[in-house]
Amino acid sequence: MGKIDVIHNVGGLKGLTIIIPKAYEDNRGYLMESFNNDDLAQIGITDSFVQDNEAFSKKDVLRGFHVNRSHPQAKLIRVLDGEIYDVVIDLRSESKTYKKWYGIILSSENKKQLYIPEGFGHGYLALSDARVLFKVTTHWVAGDEISFAWNSNEFEINWPVWNPIQNDNDRNSPDFSTLII
């Protein structure tokens, strides 16, 4: 157990990491160590995850974009069932890749996990009905989260949907260009 494949600085974004745990398969199915703190520490991820959040999204649901202002969160994202198009945006103003985005398909089939460092905006589109697990490094704080529009012109993200299903908060979020972060 404890074997993982790793791709660091995905899309040229410092700290953004794809983790692919090794699944041991046989005629019964598979067994996989989906989280091992020691493995993460060996690849330079030393965050302490304090909470797991699970979300179920119906096909074509788009959640985001969200970022925490005063209590930033690093996240480890994986899909338990289904498939999502996960998008992150570097919002670290001191970063050379400020406002650069990266998108990846995460699924229960490909077993890829995405480690998102603090300071990134995050959103995803459910490409099928999907259950998503988020490990986070800080607890949610009311009033600390900022939301901005999934289709903010500044980023030109190629979402594979034109009319996503959203809650009122995400649907009415302002364009990124109007925010002070």
Which of the residues that make up the range 78-97 are farther than 15 Å from Arg63 by Cα, among the hydroxyl-bearing types (Ser, Thr, Tyr) and in contact with a strand residue (DSSP E or B) (Cβ under 6 Å, 6 or more places away or on another chain)?
Thr97
Which numbered condition in (1) in a helix (DSSP H, G or I); (2) buried (at least 19 other Cβ atoms within 10 Å of the Cβ); (3) of a type in the set (D, E, K, R) is the only one that Asp38 fails?
(2)
How many residues are assigned to a strand (DSSP E or B), buried (at least 16 other Cβ atoms within 10 Å of the Cβ) and not small (Gly, Ala, Ser) when one looks only at the range 106-149?
16
Selection over the range 41-70 where residues are part of a strand (DSSP E or B) and either of a type in the set (Val, Ile, Thr) or at pLDDT below 95 (or both) yields a count of 3
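Among Glu145, Glu109, Glu118, which is closer than 30 Å to Ser48 by Cβ and touching a residue at least 60 places away in the same chain (Cβ under 8 Å)? Break it down into steps so the answer makes sense when it comes.
Numbers: Glu109 fails: touching a residue at least 60 places away in the same chain (Cβ under 8 Å); Glu118 fails: touching a residue at least 60 places away in the same chain (Cβ under 8 Å).
Testing whether each residue is closer than 30 Å to Ser48 by Cβ and touching a residue at least 60 places away in the same chain (Cβ under 8 Å) leaves just Glu145.
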Quick one: would you say Asp5 is surrounded by 18 or more Cβ atoms within 10 Å (Cβ to Cβ) and either modelled with pLDDT of 95 or more or in a loop (DSSP other than H, G, I, E, B) (or both)?
no
Looking only at the range 77-93, count how many residues are in contact (Cβ under 8 Å) with a residue 60 or more places away in the chain, crowded, with 17+ Cβ neighbours inside 10 Å and either aliphatic (A, V, I, L, M) or part of a loop (DSSP other than H, G, I, E, B) (or both).
4
Before we move on, is Gly123 among the small types (Gly, Ala, Ser) and at pLDDT below 95?
no
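The values are calculated or read from the model by the stated rules, or taken from the named source; none is laboratory data. Quick caveat: nothing in here was measured; it's all calculated off a predicted structure. As a convention, Cβ positions derive from the backbone with ideal geometry for all residues, glycine included, and neighbour counts pool all protein chains shown.
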